[in-house]
Each structure stands twice: as structure tokens, then as C-alpha cells.
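A short worksheet on the structure shown next.
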Amino acid sequence: MFNKKFYFIILLFTLLGSALSAQAQLMLSLDECIRIALNENPTIKVQEMEITRVNYSLKEVRGQLLPTINLAGQYTRNLSLQTMYMDTPNGTMAIKMGSQNTHNGGFQAQIPLVVPQLWKSIKLNENQILQNVEKARANKLSLVNQIEKAYYALLLAQDSKRVIEENHATAKLNADIFQKKFELGAASEYDVLRANVAVTNLEPSILEAENSINALLLQLKVLMGMDVRTEIAPSQQLSDFRGEMYARALSNTLGNDTTLANNTSLKSMDLQTDYLKKALAVQKMAWYPTVTGNASLMWHSMSNGSPLSGFRWSRASSVGLTIAFPIFQGGQRYYKQKQAEIAVEEMKWQRENLERSLHMQVETQTDVIAKNLKQIESNEAGVNMAVKANDIMQQSFKIGAASFIQLRDTEDALMAARLSYYQAIYNYLVAESDLEYVLGNTHYVR
């Protein structure tokens, strides 16, 4: 009686531990994984901080258009006074000039009035903000693409493991049956060995699938910016995407917009081209004169003896303009302008080449998607036929009309058909994700 209660308590605690473990495991859909990643991924956070930094940089440049006001002070101790000599009828007379202590203090101000280069430089900083915004968008698009691929790969690994495990369970059942038959003298030792080999051959594939699942789970957690010790699991299967996949294909969702208007690479290159054009305008402004206003309000004191007494303050103020005409700088402005012109021209050819390459990628991915749709239909039909063939072979094997080798062939064919079916779904989803990335049309990022 005591032993029964003891084993019951152990069983109860085992079930409770399993329940708590299941509750601790976080079940996540693809949509949830992407939204967590967009909020928690360190790369995304750094890029958002970079946008803020460039905004401060723009305010810094704009601040150069405002007056600069300084409070300045100076003290000078004349160790020997300047001597001035004057010729008189009685000879040369030496006169000491100045005082031992000189104090100066007051306010000095400058304001740029006409500064063409500075005006154009502000446009450069505004362009940099736009470039950083687009870079942040590009990082988000790339992250969504990586999350989708990792999630799909995880689902493929899990489905593959399940299919192999089902085949392994069938093979083990066959091995047990042959072992019993052998003990009864109804089967040969060869049949038993053959059945056990079939079981053993599947075990490395199961271990490989488990390793892939663990590696993909770790990759997914890193991409999402989660603690790697957090237990997560996908709440979806590859077959869950099949309905959406065909719905999109039937409505021709993918074919509605295959333009490159939202492609992040082209947008970034256009912004870089605009930046280079503005940089060229800045170089051209180097030929124009600048006008700066200045003003000062100063107090002066001169005394002898102690520098801390005998102050005699007088005030002086002034305003003025400084005009600078650039005349010759050794050809620097000319050659800088030529470099900027060449950079703009280079960007034009680079964009043309990039656009051609992207159009090729869009066409390729569109063809891959269409072919994978047909492949899925073909593999689905293959699975149905393999199931039917396996059922027939099992019935034939039971009545002795088929050999064990024939039975294993149909079971292996069914496993291969199911694996090919899931692989085709995975290929389609990855191709679709890559196409969305090239087009920049994912609904997760605007």
C-alpha cells in the first residue's frame, strides 16, 4: 500500500512538472515573432538612435546661422613700458608710455549674414536624416526577411522530424513483429536483421532534425532579441500557410505590384545621388563671397602698482562687417567641384545597373513562386498516391502476398513524398518572402 502511494505521488509531481514546463514555453506565431523582433532587436534600436543623433547634428548646423556671443576677459602685466623718443631743441627726450596693468573685458558677437556654403550644407544634413530613415527601413525589411526564413525553416525541420519519426515508429513496429515471429519460428533471422536495420537507419535522421530544430530556435531568439534561455516554440505548421498561399495566388496579390518603387536599395541610391548633387552645389558656393557681422562691447582699465586696485574703467563699443572674397586657393575649389561632378555621373550608371539586376531578381522570384505552386500540387497528389499504395501494400503484406522489402519500399516512398511536399511549401514561402523583400512591400514595415 505504501509503495502504491509513493509511486502515485511521484507520478503526480511528474505530471505537475510537465504542466508547468508547458506553461513556461512561449508559443509564437510568425506574426508575433516579427513584431517582437521589430521592437526588441538591438540593430533596430541602434538605427533608431542613429536617426536621433543625425537630427541633433542638423540642429547643430542650423545653429551656425545664429549669432555667437562670447564673454571675453584679458589681463596684461607690462614688465617694462614702451619707450618713445622725441627730439627737442635741448636734445632727445625719452617718454615712457602705457601702464603696468591692463585689464580688458566685455562681450563680442558675430553673426553670419551671407554664407552660401553654410546654407547648402544644411540641405546635406537634411538628406542624411532621410538616408538614415531609409537605412532603418532597410534593416527592418531585412530583419523581417530573416525572421520569416528562420521560422519557415524551423517549421520544415519540425515537420520533417515528425514524418521521419512516424516512419521510424512503423519500422520499429515491424521489427517487433518480426522478432516475435522469429521466436515462434515463423520468420527468418534475415527478416529480423533487415527490420532492425531499417529502424537504425532512421535514427541519425531524427537526431539531425533535432539538432536543426535547436539551432533554428536559437537563431530565431537571437533575431528577436530575446534571452536564449527563454523557451519558445512555433504555434503554426507549414500546412497552416497553404490556404493563405493559394488565396494570394488566386487573387494575384503578388502580381499586382512588381514595380521597384519601394525597393530600399534604389531609394537609398536615389538619396545618395541627391546628397552628391547637394555636395556639388556646396562646392559651387565656395566661389561666392561671405559677409559676417560683428559687434563688441568692451571695458578697459590701465593702472600702475597692484593689479587688484586702482581700476579706471572706460567703455568702448563697435559694430562692423567683414566681407571675404575668395580669389585664389591653388585650384582646390575647381578640382573639388570636378570630383563631385564625376561622383554624380558614377551614381547614375550604378543606379542603372542596380535597377537592371533588381528587375532580374523580381522575374526570377516570380517564376520560382509559380513553379513551386505547381510543385506543391504535384507533390500533394504524390502523397495521396503514396498513402494509397502503402495501404494496399500493408494489406497484401498481412495476407502474405507481399514481401517485407516491398512493404518498406512503399513506407519509404510515403516518407519521401511527404518530405518533398513540405519542402515545396517551404520553397514557395521563402521565394515569396524574398520577393517581398526585393519589392519592399511587406505590411510589417512602411
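Here are the numbers for this structure:
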quantity: Flag for Y422 being among the hydroxyl-bearing types (S, T, Y), on the phi < 0 side of the Ramachandran plot and touching an Asp or Glu at 6+ places or on another chain (Cβ under 7 Å); calculated: yes
quantity: Qualifying residue in segment 419-441 (condition: closer than 18 Å to L202 by Cα and in a helix (DSSP H, G or I)); calculated: yes
quantity: Residue within segment 94-113 that is surrounded by 18 or more Cβ atoms within 10 Å (Cβ to Cβ), in contact (Cβ under 8 Å) with a residue 40 or more places away in the chain and in a helix (DSSP H, G or I) present; calculated: no
quantity: Filter result for the condition that a residue is closer than 16 Å to F404 by Cα and modelled with pLDDT of 85 or more, over N167, N211; calculated: N167
quantity: Residues (surrounded by 10 or more Cβ atoms within 10 Å (Cβ to Cβ), among the hydrophobic types (A, V, I, L, M, F, W, C) and free of Cβ contacts under 8 Å to residues at least 12 places away in the same chain) located in segment 298-315; calculated: none
quantity: Total residues in segment 78-92, condition in a strand (DSSP E or B) and either in the same structural domain as S303 (by TED's automatic domain parsing) or among the hydroxyl-bearing types (S, T, Y) (or both); calculated: 4
quantity: Matching option when the condition is part of a strand (DSSP E or B), at pLDDT 90 or above and either farther than 30 Å from L435 by Cβ or out of contact with any Cys (no Cβ under 9 Å at 6 or more places or on another chain) (or both), among L297, L358; calculated: L297
quantity: Tally, over segment 108-142, of residues that are of a type in the set (S, T, Y) and at pLDDT 90 or above; calculated: 1
quantity: Where a residue in segment 383-405 is in the same structural domain as R194 (by TED's automatic domain parsing) and its partner, wherever it lies, is of a type in the set (K, R) and assigned to a helix (DSSP H, G or I), with Cβ under 8 Å and at least six apart; calculated: V383/R418; A386/R418; F404/R194; I405/R194
quantity: Matching residues in segment 346-356 - criterion: being without any contact (Cβ under 8 Å) to a residue 12 or more places away in the chain and either surrounded by 11 or more Cβ atoms within 10 Å (Cβ to Cβ) or more than 25 Å from Y275 (Cβ to Cβ) (or both); calculated: E346
quantity: Failed criterion for G400 (all others in (1) assigned to a helix (DSSP H, G or I); (2) over 21 Å from Y152 (Cβ atoms) hold); calculated: (1)
quantity: Residue check for I36: touching a Gly at 6+ places or on another chain (Cβ under 9 Å), touching a residue at least 40 places away in the same chain (Cβ under 8 Å) and part of a helix (DSSP H, G or I); calculated: yes
quantity: Residues within segment 374-407 that are under 21 Å from S433 (Cα atoms) and touching a helix residue (DSSP H, G or I) at 6+ places or on another chain (Cβ under 6 Å), tallied; calculated: 2
quantity: Qualifying residue in segment 225-236 (condition: part of a helix (DSSP H, G or I), touching a residue at least 40 places away in the same chain (Cβ under 8 Å) and crowded, with 18+ Cβ neighbours inside 10 Å); calculated: no
quantity: Complete set of residues in segment 151-174 that are small (G, A, S) and crowded, with 20+ Cβ neighbours inside 10 Å; calculated: A157, S160, A171
quantity: Test: V387 is surrounded by fewer than 16 Cβ atoms within 10 Å (Cβ to Cβ), part of a helix (DSSP H, G or I) and hydrophobic (A, V, I, L, M, F, W, C); calculated: yes
quantity: In segment 316-328, the residues that are surrounded by 11 or more Cβ atoms within 10 Å (Cβ to Cβ) and either part of a loop (DSSP other than H, G, I, E, B) or on the phi > 0 side of the Ramachandran plot (or both); calculated: P326
quantity: Check on Q64, closer than 30 Å to V222 by Cα and modelled with pLDDT under 90; calculated: no
quantity: Single residue of A175, A138, A153 found to be over 21 Å from A209 (Cβ atoms), in contact (Cβ under 8 Å) with a residue 12 or more places away in the chain, assigned to a helix (DSSP H, G or I) and not aromatic (F, W, Y); calculated: A138
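The values are calculated or read from the model by the stated rules, or taken from the named source; none is laboratory data. In this text, all values refer to a predicted model and were calculated from it rather than measured experimentally. With ideal geometry, Cβ positions are generated from the backbone for all residues, glycine too; neighbour counts draw on all protein chains shown.
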